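*Asks:* Supplied in C-alpha cells, the structure appears directly below.
The values are calculated or read from the model by the stated rules, or taken from the named source; none is laboratory data. Worth saying up front: this structure is predicted, and the values here are computed from it rather than measured. No Cβ is skipped: glycine too gets one built from the backbone with ideal geometry, and neighbour counts run over all protein chains shown.
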Amino acid sequence: MSGNPRLRAHLDALIRSRGRIPFSEYMETVLYHPELGYYSSDRNPIGPGGDFYTSPNVDPAMGRLLARLFAEMAAGIDGFTVVELGAGTGLLARHVLESRAFPYVIVERSGAMRERQRRELGDFGVEWSEAVPDGIRGCVFSNEFFDALPVRRFARRDGAVREIFVGEGLAEIEGEPDPPVELPLLGEGCVADVAPGAVDWVRRIGNAMIRGYHLAIDYGYVREDFFSHPRGTLMCYRRHVADEDPYQDPGEKDITAHVNFSDLIDAGREVGLDLRGYRAQKDFLVDLGLLEIMRPLAGSRAASSVKRLQALKNLILPPMMGERFRVLLQAKGVSSRELPGFR
C-alpha cells in the first residue's frame, strides 16, 4: 500500500497508540485532515483532471435551474439567503449567481477548497463559514455533500451486529459496536455503511432555520433499499476509475458512500423540517425546465450543440445521474405550496 507517506505515518502512529480506530475516524482522517487529507491537497479533485465529476462539471444548466427554484422559494421569504454546504470548486454557486443574485453563504471546512471557491467566486460577494449560520431565512442546499461524510461500517455475523475497525497495517478488525447500534434490516453476512454525521447536519440545519427549505441532491436510497446491498455502498474514485478498496493509496483518492435518505427525513422531522418532496434527479430537472434548454439543441447539427445535448442527457438518463441521484426537499415555517421541481 502506498499513498501519502506523511498521512500513512500519521495513521500508523494513531493506530499504534490505541490498537485500532473506527472506520469513521480513518475516513475522517484520510479525507479531512487539515494538512494531509485528500480535500486539503493542492490538487483539484473535481473535473477532467481530477478523480470524479459532479453535475456542475457536466453543464451550467443545473445551476441555472436551481436559481429558478430559489427565486420561487424567495417569493415568500423576506431576506432570503442561499446557504450551500460543501461547494466543491464553487462552479455550481457561480452558475446559480450568474442567473440570479442572492445573498450567498458557503459552509466549507477545507481551507484548500475555500481558496478554490474564492478564485471562482471573487466577484459575487459570497461569504464563507465553517458552520451552519444561525437564523436562516432561505434555503440550505447541497449537491453531493452527504455522500462524503465519514461512515461507520457494520457487518452481521451469526446474528450479531459487529463494527469494522481499522488496525495496524490498515487491516480490518471486527468488534463490538462502540457506541452500540440497532440495525434490524442488516442481513446476515451483509455490510452497511452508516453516516451518523448526516443526522447531525440535518439537526443543525433545522435548529438554525427560522423559515425556509433544506434541499439535498445526492446518490442514495430510502432505508429498505439502503440495506439491500450486501457489500454496503462504499466506493473510491481516482482518476475517474472506481474501486472498493479504501486502504489503497490513502489520501490520494475520494471515498464515498450512498446516503440513507430515510435518516435525513426522520432527523428533519425531529427539528421541524417537514418532508415536501423526494424524487429522482431526472424528474426534478425535467419539472424545473431542463427540456426547454435541450429542445433547441436537438434541432442543431453543430458539433457544440450535439456535445452539449449529450452532456445534458447525462443529467437525466437513468444509467447516468438521472435515477442514481435523488433530490430531497424539507421545509420549515413556510406554506405548503408546490414548488417547481416537485410538482
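*Asks:* Restricting attention to segment 222-239, and to residues there that are touching a residue at least 60 places away in the same chain (Cβ under 8 Å) and not in a loop (DSSP other than H, G, I, E, B), which single residue is farthest from residue 164 (Cα to Cα)?
*Replies:* Applying the filter and picking the extreme gives 238.
*Asks:* What pairs can you find where one residue is in segment 66-80 and free of Cβ contacts under 8 Å to residues at least 40 places away in the same chain, the other is surrounded by fewer than 20 Cβ atoms within 10 Å (Cβ to Cβ) and among the small types (Gly, Ala, Ser), and their Cβ atoms are less than 8 Å apart, with a gap of 6+ or different chains?
*Replies:* 67/99
*Asks:* For residue 194, all conditions in the list (1) farther than 22 Å from residue 236 by Cα; (2) out of contact with any Leu (no Cβ under 7 Å at 6 or more places or on another chain); (3) β-branched (Val, Ile, Thr); (4) in contact (Cβ under 8 Å) with a residue 40 or more places away in the chain hold save one; what is the number of the exception?
*Replies:* Against the list (1) farther than 22 Å from residue 236 by Cα; (2) out of contact with any Leu (no Cβ under 7 Å at 6 or more places or on another chain); (3) β-branched (Val, Ile, Thr); (4) in contact (Cβ under 8 Å) with a residue 40 or more places away in the chain, residue 194 comes up short only on (1).
*Asks:* From the list 168, 144, pick out the single residue that is of a type in the set (Asp, Glu) and under 18 Å from the mean Cα position of the chain (by Cα). Steps first, please.
*Replies:* Values: 168 fails: under 18 Å from the mean Cα position of the chain (by Cα).
Result: 144 is the single residue among 168, 144 that is of a type in the set (Asp, Glu) and under 18 Å from the mean Cα position of the chain (by Cα).
*Asks:* What tally of residues in segment 21-60 results from selecting those that are modelled with pLDDT of 90 or more and on the phi > 0 side of the Ramachandran plot?
*Replies:* 0
*Asks:* Something else: Going residue by residue through segment 158-178, is there one that turns out to be part of a loop (DSSP other than H, G, I, E, B), under 30 Å from residue 18 (Cα atoms) and touching a strand residue (DSSP E or B) at 6+ places or on another chain (Cβ under 6 Å)?
*Replies:* Taking segment 158-178 as the starting set, the residues that turn out to be part of a loop (DSSP other than H, G, I, E, B) are 158-159, 167, 171, 176-178.
From the residues that got through so far, the ones that are under 30 Å from residue 18 (Cα atoms) too are 158-159, 167, 171, 176-178.
Add one more test, that the residue is touching a strand residue (DSSP E or B) at 6+ places or on another chain (Cβ under 6 Å), and what stays is 167, 177.
The answer is yes, given that some residue of segment 158-178 is part of a loop (DSSP other than H, G, I, E, B), under 30 Å from residue 18 (Cα atoms) and touching a strand residue (DSSP E or B) at 6+ places or on another chain (Cβ under 6 Å).
*Asks:* Now for a different question. In this structure, is residue 82 outside any loop (DSSP other than H, G, I, E, B), more than 22 Å from residue 289 (Cβ to Cβ) and touching a strand residue (DSSP E or B) at 6+ places or on another chain (Cβ under 6 Å)?
*Replies:* Here the answer is no, as residue 82 does not meet what is asked.
*Asks:* What pairs can you find where one residue is in segment 301-316 and in contact (Cβ under 8 Å) with a residue 24 or more places away in the chain, the other is not in a helix (DSSP H, G or I), and their Cβ atoms are less than 8 Å apart, with a gap of 6+ or different chains?
*Replies:* Correct list of pairs: 308/59; 311/59; 312/59; 315/59.
*Asks:* In segment 116-148, which residues are assigned to a helix (DSSP H, G or I) and either surrounded by 13 or more Cβ atoms within 10 Å (Cβ to Cβ) or of a type in the set (S, T, N, Q) (or both)?
*Replies:* Once the filter is applied, which keeps residues that are assigned to a helix (DSSP H, G or I) and either surrounded by 13 or more Cβ atoms within 10 Å (Cβ to Cβ) or of a type in the set (S, T, N, Q) (or both), segment 116-148 yields 116, 117, 118, 120, 121, 146, 147, 148.
*Asks:* Having 2 or more residues that are in contact with a helix residue (DSSP H, G or I) (Cβ under 8 Å, 6 or more places away or on another chain) and within 20 Å of residue 65 (Cβ to Cβ) is the bar; report the helices (runs of 4 or more DSSP H) wholly within segment 259-319 that clear it.
*Replies:* Qualifying helices (runs of 4 or more DSSP H): 281-288, 290-298, 303-316.
*Asks:* Here's a follow-up. Which residues, taken from segment 85-106, are assigned to a helix (DSSP H, G or I) and either surrounded by 18 or more Cβ atoms within 10 Å (Cβ to Cβ) or modelled with pLDDT under 95 (or both)?
*Replies:* Going through segment 85-106, the residues assigned to a helix (DSSP H, G or I) turn out to be 91-99.
91, 92, 93, 94, 95, 96, 97 - these are the residues of segment 85-106 that are assigned to a helix (DSSP H, G or I) and either surrounded by 18 or more Cβ atoms within 10 Å (Cβ to Cβ) or modelled with pLDDT under 95 (or both).
Yes/no per residue for (1) under 30 Å from residue 169 (Cβ atoms); (2) in contact with a Ser or Thr (Cβ under 9 Å, 6 or more places away or on another chain); (3) buried (at least 16 other Cβ atoms within 10 Å of the Cβ):
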position	(1), (2), (3)
216	no, yes, yes
242	yes, no, no
245	yes, no, no
261	no, no, yes
265	no, no, yes
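Matching residues to (1) of a type in the set (Asp, Glu); (2) farther than 30 Å from residue 76 by Cα; (3) touching a Gly at 6+ places or on another chain (Cβ under 7 Å); (4) modelled with pLDDT of 95 or more:
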| residue | (1), (2), (3), (4) |
| --- | --- |
| 142 | no, no, yes, yes |
| 151 | no, yes, no, yes |
| 156 | no, yes, yes, yes |
| 186 | no, yes, no, yes |
| 201 | no, no, no, yes |
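*Asks:* Further question: Taking the options 242, 257, 267, name whichever one is without any contact (Cβ under 8 Å) to a residue 12 or more places away in the chain, closer than 30 Å to residue 37 by Cα and under 20 Å from the mean Cα position of the chain (by Cα).
*Replies:* Going through 242, 257, 267 in turn, the sole match is 242.
*Asks:* Of the conditions (1) farther than 26 Å from residue 36 by Cβ; (2) hydroxyl-bearing (Ser, Thr, Tyr); (3) surrounded by fewer than 18 Cβ atoms within 10 Å (Cβ to Cβ), residue 237 fails just one. Which one is it?
*Replies:* (1)
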